[in-house]
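Data block below; observations after.
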Amino acid sequence: MTIMPEPEEFSKAKSWYESAFGQQECDKNKFPVSFRMDGVDSASFINGWKSVWSSSEDGDGSIRHTGTFIDPISGLELRCEVRQFKDFPAVEWVAHFKNNSDKPSALISDIQALDTMFINTKSEHSTLHYSKGSDHKIDDFEPQIFLLRAHWNPNFEIGSVSGRSSEGSKGGTLPFFNLEMGDEGVIGAVGWSGSWKAAFSREGYDNGEVSVRAGMRKTSLRLLPGEEIRTPSIVLLFWNGDYLRSQNIFRRLVLAHFTPCVNGAPAKAPACFSAWGEVRDNQHLDKIRWCRENEIDIDAYWIDAGWYGDAPFKEDSDVFNSQWGAQVGNWWPNKTTYPNGMKPIGDALHEAGLGFVLWFEPERAIKDTKLPSEFPQWMLGPINNTYFVNLGIPAAREYITDLISTAIDEGGVTCYRQDFNMPPAPFWEEADAADRIGMSEIRHIEGLYAFWDELLRRHPNLLIDNCASGGRRLDIEMTKRSIPLWRSDYQCFPGFSAAGMQNQTAGLAPWLPLNTGLCDKAGTYEFRSAFGPGIVLSSGFIDYKLPDGTAAAGWLKKMTQEQREVSKYFYGDFYPLLGYSLNEDAWALWQYDLAEAGEGAVLAFRRRESPFESLNARLKALEADAMYEIRSFDDECVTRISGGELMDKGIRIEIDEQPGTAVLIYKRIA
């Protein structure tokens with residue numbers, strides 16, 4: 001059953017837009033961007049500012065509005081760029097402040113990119129849905145719920161404090177929320193890749209009001225003459241009905257409008273074969289040949305950290321015992337491991353029809369490496385022996401852009417993998433003057449976006465992999481430009497749980513359709529636990545043996561073919577058929593539905609301590625009167641069941657192994 005936004009939802013989005021941004025009759029006191037000037041709340045004076053609006057239509061039918069507000073006394077300008085979507089009941093905007101005078105501005109503080117009120121007329125309480133951020137733990141992205149009540153628990157805040165938008169330490173969360181108010185609500189996304197917060201309050205409100213304010217965590221600054229800054233972007237999607245339906249509409253919005261393009265088409269998450277970087281080039285070439293000869297169905301070969309710099313070569317090095325971190329800032333191929341640079345690798349991959357993923361970490365530099373030694377004026381810090389490369393400095397950004405662009409050209413890189421293994425907030429705080437709090441962060445984040453946008457302009461076939469110690473910088477601005485192929489550093493550590501991989505998939509699915517998990521074990525349960533729109537495989541599979549002692553190549557070929565078949569369904573609607581659980585005595589059960597095509601997949605996982613050998617899976621969103629053909633990956637049995645029966649009674653799934661897994665593919669036939 002196809003999920004389509006309803007006219008009432010479009011009407012709500014339009015009404016909210018007209019109240020907040022309406023160009024003629026709007027009450028500027030409802031303008032959803034707020035701030036203080038020399039301590040005075042903008043609500044008390046914004047009505048006195050002159051405003052001018054212009055509008056234009058995008059090729060997809062969306063309407064873009066630009067509203068410019070100018071203080072008649074100081075000349076301070078507030079410009080708001082707004083997008084109304086034609087195909088979704090959603091609004092997106094970003095604000096800019098500019099000092100048009102010839103002297104420093106008043107002190108601008110407490111800038112809120114979102115400051116608005118929603119009214120809950122349907123329920124006594126409002127339910128806030130959100131998810132934990134990433135802290136390389138088994139509960140990364142775990143779904144969370146908070147009940148907002150007028151007289152009990154009336155206030156709640158989510159956000160991140162470290163300078164990375166989805167940093168899970170210190171209680172950090174993903175920068176997404178769903179405010180459920182009875183049978184309606186609003187989904188919000190905060191587009192900022194630094195520190196942010198969103199505050200929700202019902203305190204003092206008795207008529208269902210919920211105040212929502214979101215923006216950077218700290219702003220208190222004066223703009224210099226001619227200086228301009230931007231705020232976080234905000235996306236709001238208005239919905240009716242139930243929570244699951246709303247999240248699937250949001251998934252569709254993200255896929256349609258917040259997914260990067262590769263050569264003009266929406267990017268797809270790749271299946272990758274990942275290898276450690278401190279490996280001699282001939283060994284990489286051997287692995288590439290092995291993949292071809294054994295018909296391993298992958299899209300790209302991945303060289304991770306350790307390929308650069310001038311450290312002595314260490315045999316059998318890995319992420320825990322090598323100098324990969326100490327060489328960050330020396331961005332040239334190591335002469336011992338890559339005597340001819342990356343070109344031979346890129347050429348071999350091109351011949352094999354495979355992409356090339358290459359790791360960098362350009363925002364961090366270690367003491368005595370080239371970057372801080374030659375360009376100290378571009379560095380923040382050091383803190384201990386670590387410098388922060390300030391992309392807010394145009395010359396630094398241009399140098400880094402040219403450096404990475406040249407490496408892409410020379411090596412034939414098709415996927416630029418950017419990591420970020422440090423919390424930047426202490427560097428920004430140390431650099432800011434007392435009347436410029438927030439400025440270092442703003443300039444760096446603006447520079448980061450400009451850097452990536454220029455890379456994508458120069459290389460229209462390029463995919464960017466967004467990594468920051470795993471998934472610690474996942475937000476709607478990064479989602480526009482990249483796909484997180486290494487979504488958590490939880491899987492950096494040997495022996496990580498396959499249940500953790502399942503939970504990452506389920507935790508991110510409501511917000512970010514495109515991301516990939518990792519399989520590094522020769523087991524069907526472990527492999528299927530990492531199923532997704534793409535997948536990352538450890539190159540150690542070359543040497544792995546199956547339990548019976550045979551080589552893993554034949555099994556791996558079969559499993560990558562399974563991944564290829566199931567991958568398309570992860571672009572569909574997501575339905576968790578059981579509740580989220582971290583426990584090893586539970587099952588995990590999901591449905592991904594391509595409603596327009598009338599087909600989908602059911603993925604079932606019986607965890608290692610679950611005593612239950614079977615369950616009934618009652619599917620969702622099917623056509624009750626249609627017949628469906630259901631096929632299992634594990635046997636040749638094909639059954640036919642009506643959509644009504646699949647939704648009302650369900651289908652029995654039996655898994656004897658402990659742990660074990662089952663995958664069912666269904667297709668509408670009549």
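Couplings 3J(HN,Hα) of region 189-198, computed from phi: 10, 9, x, 8, 9, x, 7, 8, 8, 10 Hz, in residue order, whole Hz [Karplus 6.51 cos²θ - 1.76 cosθ + 1.60, θ = phi - 60°; x for Gly and Pro]. Among Arg607, Arg245, sorting on how many other beta-carbon atoms sit within 10 Å of each Cβ, with the fewest leading, yields Arg245, Arg607. With semi-axes defined as the square roots of five times the eigenvalues of the C-alpha gyration tensor, the equivalent ellipsoid of region 219-309 measures 41, 27, 12 Å, largest first.
Over region 262-568, what is the mean sequence separation of C-alpha contacts under 8 Å (at least six apart), divided by residue count, expressed as relative contact order in percent? Reported as a whole number, the value is 18 percent.
Enter the Cα centre distance for the pair region 145-172 and region 514-531, rounded to the nearest angstrom. Region 145-172 and region 514-531 have Cα centres separated by 31 Å. Among Trp192, Trp378, Trp324, the order by Cβ neighbours within 10 angstrom, fewest to most, reads Trp378, Trp324, Trp192. Fewest neighbouring Cβ atoms within 10 Å first, the residues Phe156, Phe541, Phe360 line up as Phe156, Phe360, Phe541. Extending 7 Å from the Cα toward the beta-carbon at both Ser19 and Ser56 defines two label points whose distance is 3.1 nm. Computed about the Cα centre, the dipole magnitude for the chain is approximately 600 debye when only Lys and Arg (+1) and Asp and Glu (-1) carry charge, each at its Cβ. Summing charges over neighbours of Gly61, with a neighbour being any other residue whose Cβ is under 12 Å away from its Cβ, gives -1 when K and R count +1 and D and E count -1. Between region 1-70 and region 407-428, the alpha-carbon centres lie 36 Å apart. How big is D for region 7-257, in µm² s⁻¹ as a whole number, if Stokes-Einstein is applied with the Kirkwood radius of its Cα pairs at 20 °C and 1.002 mPa s? Using the Kirkwood radius from Cα pairs, D works out to 113 µm²/s. Protection proxy ranking, highest mean first, for peptides 100-107, 557-564, 465-472: 465-472, 557-564, 100-107, where packing is the per-residue count of other beta-carbon atoms within 10 Å, averaged.
Give the shape of region 351-427 as rounded, prolate or oblate, defined through the alpha-carbon gyration tensor: a ≥ b ≥ c are the square roots of its eigenvalues, a/c under 1.5 means rounded, and otherwise the shape is prolate if a/b is larger than b/c and oblate if not. The shape class here is prolate.
Which whole number in µm²/s is D for region 1-132 by Stokes-Einstein, with the Kirkwood Rh taken over Cα pairs at 25 °C and 0.890 mPa s? Roughly 147 µm²/s, to the nearest whole number.
Positive contributions from Lys and Arg (+1) and negative ones from Asp and Glu (-1), summed over other residues with Cβ under 11 Å from the Cβ of Val357, come out at -2. Note down the Stokes-Einstein diffusion coefficient of region 435-572 in µm²/s, whole number, using a Kirkwood radius over alpha carbon pairs, 10 °C, and 1.306 mPa s. Rounded to a whole number, D works out at 94 µm²/s. Relative contact order of the chain, taken over Cα pairs closer than 8 Å and 6 or more residues apart, is 12 percent.
Our estimate of slack between Glu645 and Leu582, defined as 0.36 nm per intervening residue step minus the Cα-Cα distance, is 19.7 nm. Using the rule -39500 (n - 2.57) for each DSSP H run of four or more residues, divided by the residues of the chain, the 222 nm mean residue ellipticity is -6500 deg cm²/dmol. In straight-distance terms, cross-link reach from Lys287 covers every one of the lysines whose alpha-carbon lies under 30 Å from its own, apart from those fewer than eight places away in the same chain; here that gives Lys268, Lys314, Lys335, Lys343, Lys521, Lys545, Lys557, Lys558, Lys568. Put simply, when 616-622, 638-644 are sorted by average Cβ atoms within 10 angstrom per residue, most first, you get 616-622, 638-644.
The label-point distance for Glu374 and Leu147, in a model that sets each label 7 Å from Cα toward Cβ, rounds to 6.1 nm. Backbone phi angles across region 289-298, fed through the Karplus curve with coefficients 6.51, -1.76 and 1.60 (θ = phi - 60°), yield HN-Hα couplings of 4, 4, 4, 5, 5, 9, 6, 6, 7, 10 Hz in residue order; Gly and Pro are listed as x. Share of pairwise Cα-Cα distances greater than 25 Å in region 262-568 is 49 percent (whole percent). Using the average count of surrounding beta-carbon atoms within 10 Å as a protection proxy, the listed peptides 384-397, 411-424 rank, highest first, as 411-424, 384-397.
Using alpha carbons only, the radius of gyration of region 572-668 set against its Kirkwood radius gives Rg/Rh = 0.96. Here the Karplus curve 6.51 cos²θ - 1.76 cosθ + 1.60, taken at θ = phi - 60°, turns the phi angles of region 366-371 into couplings of 9, 3, 6, 7, 4, 4 Hz, with x standing for Gly and Pro. Applying both filters, DSSP loop and at most 14 other Cβ atoms within 10 Å, to the chymotrypsin sites (Phe, Trp or Tyr not before Pro) of region 610-652 gives Phe612.
Coordinate-derived values only; no laboratory data. It should be emphasised that the depicted structure is a prediction, and the values quoted were computed from it without experimental measurement. Positions of Cβ are generated from backbone atoms using ideal geometry, with glycine treated the same way; all protein chains shown enter the neighbour counts.
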